Structures are given as structure tokens and as C-alpha cells.
1. Mind listing just one residue for me: the one in region 454-466 that is surrounded by fewer than 18 Cβ atoms within 10 Å (Cβ to Cβ) and outside any loop (DSSP other than H, G, I, E, B) and, of those, farthest from the ligand (Cβ to nearest atom)?
2. Looking only at region 474-514, count every residue that is over 27 Å from residue 50 (Cα atoms) and within 13 Å of the ligand (Cβ to nearest atom) and tell me the total.
3. What do you reckon, is residue 395 within 16 Å of the ligand (Cβ to nearest atom) and modelled with pLDDT under 95?
4. Just the residues that are surrounded by 15 or more Cβ atoms within 10 Å (Cβ to Cβ) and outside any strand (DSSP E or B), please, taken from region 235-246.
5. For residues that are outside any loop (DSSP other than H, G, I, E, B) and within 18 Å of residue 18 (Cβ to Cβ), scanning just region 399-416, find the one that is nearest to the ligand (Cβ to nearest atom).
6. For region 428-438, what are the residues that are near the ligand (Cβ under 9 Å from one of its atoms) and part of a loop (DSSP other than H, G, I, E, B)?
7. Any residue at all in region 253-266 that's within 16 Å of the ligand (Cβ to nearest atom), within 21 Å of residue 170 (Cα to Cα) and touching a helix residue (DSSP H, G or I) at 6+ places or on another chain (Cβ under 9 Å)?
8. Residue check: is residue 419 in contact (Cβ under 8 Å) with a residue 24 or more places away in the chain, in the same structural domain as residue 372 (by TED's automatic domain parsing) and within 15 Å of the ligand (Cβ to nearest atom)?
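The values are calculated or read from the model by the stated rules, or taken from the named source; none is laboratory data. Keep in mind it's a predicted model, so treat the numbers as computed, not measured. Backbone-built Cβ (ideal geometry, glycine too); neighbour counts: all protein chains shown.
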Ligand code: WT7
């Protein structure tokens, strides 16, 4: 795979061929006139979002669409009364759609379960009553550490119905990562499961959760969903089985009328320090942004089977497995397991079995499937598929074309959606009616004004690399960082004056298409997952033999990037291959399996600035034989 060039230099454009939508795609498109729609929204974005907000049910309408008086702490739909969970669930019951299928779940071993909206509603209410019984109130934080099972959706919706904030921690994270997130949010309750399966292997989630809970005084109860029937240690005082808790609860529960701006949830994401940031999203605006994007980007009419292969533990899962599909009243597919079990055509089999209309996945998965060969998807016609999606990292043109030809059979347009945990919703993305270019996320979604600028905020010419910024506001935007408004200001609003700083390098071509190239900061993107170099370094230093570590991302064919570490050992510690293995294990223990380390090198010193910061750029240039660039601050 061609590696992204993160320097702000001239970029050569190779992929200029345009792919146009077929007549069939166009006939079905919710938006037919692309340019006209973009222009109209650009003239008055607030009016555009106010119109989008009409798709939702408000307990009380807003006074003002956008309040900028305390910028950059923007407020949307002020003084409105609203609940995201009402719109994802209760609404469909009230409108007589309880019989519609909300969730189809399947796991690696072939177990399946289905939930209608009515069944989901009943169980959510039972859980709401149970949580209230345990003392969960509006404004509380509830940590969720669960596999991709229907109960994670139930848990999330239940929190929102009460007005409590959920904090979902991806089940691939280790106990240390879970502990840090529980502590930062001061969560009262932890919801987990006995375990999960991965590649047929049992993952004992409860045991990992217990490790974390031991060190978190704030957790009063641990609620355990029985998923894989593994025997787990049970603490009679603290632990309670989910099924016992909901058993005798009524199937109706009161919903909290929230202010539009009340926080709905917190979701942690990596940044440039070793401490992850708790990104806050608000009920009203988040709902408006997510619903409008899912409807337009994936052309929803209301009866689709939608499969987003992410995990609910990431923002992609929050917005496009749970809240987006449920707000749209369609059926969401949840698959718990790996994509190549028992054979490399599992994904295509699931698509055919459930007649999936929209498949939303990640470049890393596509590249992994490419490696198995096109014969696997080619064995499956997948006639139900209409639209494909990609998210998480730039999709290289080779992977784009493979996906387009072998999965979409040249009939399904690919929506390459650029966005972030912080943006809450798709930001730079085509619509099905747009002409596509392989490897470009095309143009900003209607109502979004994005640009590529230099450090001073000046637009750079077409074809030149620069910083990706958003120049206006959008309803699903981050509101603040939990307990850390200074970090919110510094990270997003102090880098380029008057604009939201995304932290990505990009360029626009002569047609105004955006080509995203990767992060500008010390954040790695491993298989579409964000992980900070500082977090990995601090995990290394937590080993008793290590004094200091510097890590960089190096290219990987499937995962885009993996970690190479440069480690300084304590005096007298002997370098050995065994120690390398042990250090890799240590990092995995602290951060979880997403921190994939390719190589560890023992060194005597690390390149640093005069102020003592590790110059990872220099490590990287040496490792990959790239030009060293400006080294004037190097000691
Ligand atoms: C970072 C955000 C919300 C998506 C899941 C990851 C990279 C994401 C794309 C894309 C190029 C992409 C960016 C972004 N990214 N989607 N379509 N093309 N890059 O969310 O963990 O908050 O990471 O992922 O670098 O800043 P996240």
C-alpha cells in the first residue's frame, strides 16, 4: 500500500477517473441534484439543519437553532426538550411500528437472535426500571464494557432514557484502559458480560472487568450479561446477573425529558497525551446530525437492512450501528466475531443470508479480504446490496476498486466517509448521486464547510497539502471534553484561528474533492483505531526494565499502521529477544490487543527537542529512510 506523505508538500494526483451513479442508483437517491443541494445548504447551514431536525420528535421545539454566544462552546436547538432514546425507540412504538425488526444479531459460532422494536422497547424499559432501582439518576455515568450483542444497545438506550450518560469502552481494551476511563468519568455502575468468543477462543471479559473494578471505588454494582455461559467469579455484594435484574420489571418506564444540550454520552478517544479525552455529545444536535447523514449518505427509505461492521465501542458503532439505524426505524445487523470464520467468505455470507442493503465497513477489513482473493466475494452475488461504505482511514485506490468490483459488482457506489469521534457524524463524504473518485472522500456533506489551510488559516492552493479544518458548526459536534474544557479549547480551537482543527492532513484537487492523508499529530491509526503514541510509550515505561520509550507508526499492508518502539532499558538490564516478547506482552496488558507492536529496538538515547520532547518524526524518518526535514530544534 502506498504510504501517506504527511509533510505539507506537493501531491501528485493519480486517481482522477470519475465513477458515476447508475440510473437505478439515481432513481432511488434521496438527493438527486448534488451540486444544487450543496449550494443551497452552504448558503444557510442553520436553515438546513433546522429542516433536518423536523425529521425527529421534540417534546418541545427550540428557541434558537445555533447559539454562538459562548463560542467555541456552541449550543444547538436551545431550550428544546428532547431525548435521543425516545427517537431511537419509543417513537416507533408510538407510531405503530413495533412489529418492525430492529436488530438482527449473529455470532461467529452461528447463534442468532432477532429483536423487533416492540421487544427491544420492552426490554429497555425493564432495564431502565432496574437501573433506577439501583439508584441510577439523570447525569450519572454508567460504564459499559461489552461485546457486540443486543444487550449493549439495550444498555445504551436504557441509560439515555434515564438521562444518565453512558461511557462505552471497547471490549478489546485491557483492564488498565477500562480502569482509566471509569475513573475519569467517575462511573457508578459497570455493565459487562461473562465473555465473548473470538476466532473460537473464549475471551473472559468479566475477569478483565473485575481487575479494573478492584481499583475503582466509584463502581457500586457490576451488571453481568450472560453471553457465552462461561463460569465466572461472582462477588455476591457487587455483582448481579442482568437476566435476574430485569426478570420481574414492568415493561413500561418513564422517559426523562432532556434539554437538547444535555450530554447524552461520553466516549473516550486517544489524543497527544497518555490520557484519553472524554468526548461529550449532546442529545438534540447529535440526533439531528446522525439521522440526516445516515438517511442521505446511505439512501435510506425506511425498510433497509443495514450492516455496519464496526464495534459499538467506537463512535462508528454508536452512530451507525445503534442510534442512526434505530432513529431511521430500519434493521441493524450486529455481528459478534471475526470476518473470516469459519471461512474467508463469512462477511459475504451474512450479507446474503440477511439480504443486507447497505454494508458499511473499513479499509483494513477490505485489505484483509483482498488477501484471501476475489474468488470469495465473487462466489456470492449479493443482489440485495445497494450502497457500500468505508470509514476509519483513507481507503487506498486499490482497495477501493477491489471493493467496488468484487463486492459491489460495479453497481453499488462507495461512500468513503471521513469523520471523527469528535464530529459524531459523517463530515466529508459523497452522497450516492455524486461522481466518485477511488480514494477520495469527495466533498463535505451539505451544511459543512471544510477547508485545507496553512497554520495561519490561509487556504492552500489545490493539490497542496495542508491542515483539514471545519469552518462552521454542525449539530453533532463535540460539546466539550469531560471535566477538561481547557483541553477542548486547546486541542480543537487554538490551532487555527476561528476553525475546528481536525488533526488531519489533506489536500483538495482541482474539482474540490478532498483527499485525506492521515494524522498530523502523534496519534496512530491502527486498523482504523486511534491510539496515541504517548499512551503506548507510557505502557512501555510501566515495565520495570524500561526507562524511556519512543514509538512510531510504520506501514502495514493490512492494518495501515503498526507500532515500532525504541526502548531505553535501565542500567544493567540485559537486552534479549525474550525481553522484547515480554515488553510486547506488557503493552498488550496495559492497552489491549489493539496496540499491535511489530518491533522493539533497544537504544541508548532518543532524539529530543531542547525542551525534552521526543522527536518521533526523526525516529520515523530514519526508520523509513525519509528526508529528515527541519531538525533545528533537535538537541
Ligand atoms: C480519524 C478519526 C469516525 C470514524 C472512525 C474513526 C481517520 C476516519 C476516514 C476516512 C481518511 C479517515 C482520520 C480521523 N479517518 N475516517 N474516510 N478517510 N481518514 O474515528 O477514532 O475518532 O478517528 O480517523 O485520521 O481524524 P476516530
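1. Start the filter on region 454-466 by keeping residues that are surrounded by fewer than 18 Cβ atoms within 10 Å (Cβ to Cβ), which leaves 454-464.
Those still in the list that are outside any loop (DSSP other than H, G, I, E, B) too: 459, 464.
Working: 459: 20, 464: 18 Å.
So, considering only residues that are surrounded by fewer than 18 Cβ atoms within 10 Å (Cβ to Cβ) and outside any loop (DSSP other than H, G, I, E, B), the one farthest from the ligand (Cβ to nearest atom) is 459.
2. 6
3. Values: within 16 Å of the ligand (Cβ to nearest atom): yes; modelled with pLDDT under 95: yes.
The answer is yes for residue 395.
4. Hits for region 235-246 are 242, 245, 246.
5. Step one: list which residues in region 399-416 are outside any loop (DSSP other than H, G, I, E, B), which gives 399-407, 414-416.
Filter again for within 18 Å of residue 18 (Cβ to Cβ), leaving 400-401, 403-405, 414-416.
Values: 400: 11, 401: 16, 403: 13, 404: 15, 405: 20, 414: 10, 415: 9, 416: 5 Å.
Only one residue tops the list, namely 416.
6. Taking region 428-438 as the starting set, the residues that turn out to be near the ligand (Cβ under 9 Å from one of its atoms) are 428-429.
Hit for region 428-438 is 429, nothing else.
7. Of the residues in region 253-266, the ones within 16 Å of the ligand (Cβ to nearest atom) are 265-266.
Checking which are within 21 Å of residue 170 (Cα to Cα) leaves us with 265-266.
From what is left, the residues that are touching a helix residue (DSSP H, G or I) at 6+ places or on another chain (Cβ under 9 Å) are 265-266.
The answer is yes, given that some residue of region 253-266 is within 16 Å of the ligand (Cβ to nearest atom), within 21 Å of residue 170 (Cα to Cα) and touching a helix residue (DSSP H, G or I) at 6+ places or on another chain (Cβ under 9 Å).
8. Details: in contact (Cβ under 8 Å) with a residue 24 or more places away in the chain: yes; in the same structural domain as residue 372 (by TED's automatic domain parsing): yes; within 15 Å of the ligand (Cβ to nearest atom): yes.
Criteria met by residue 419.
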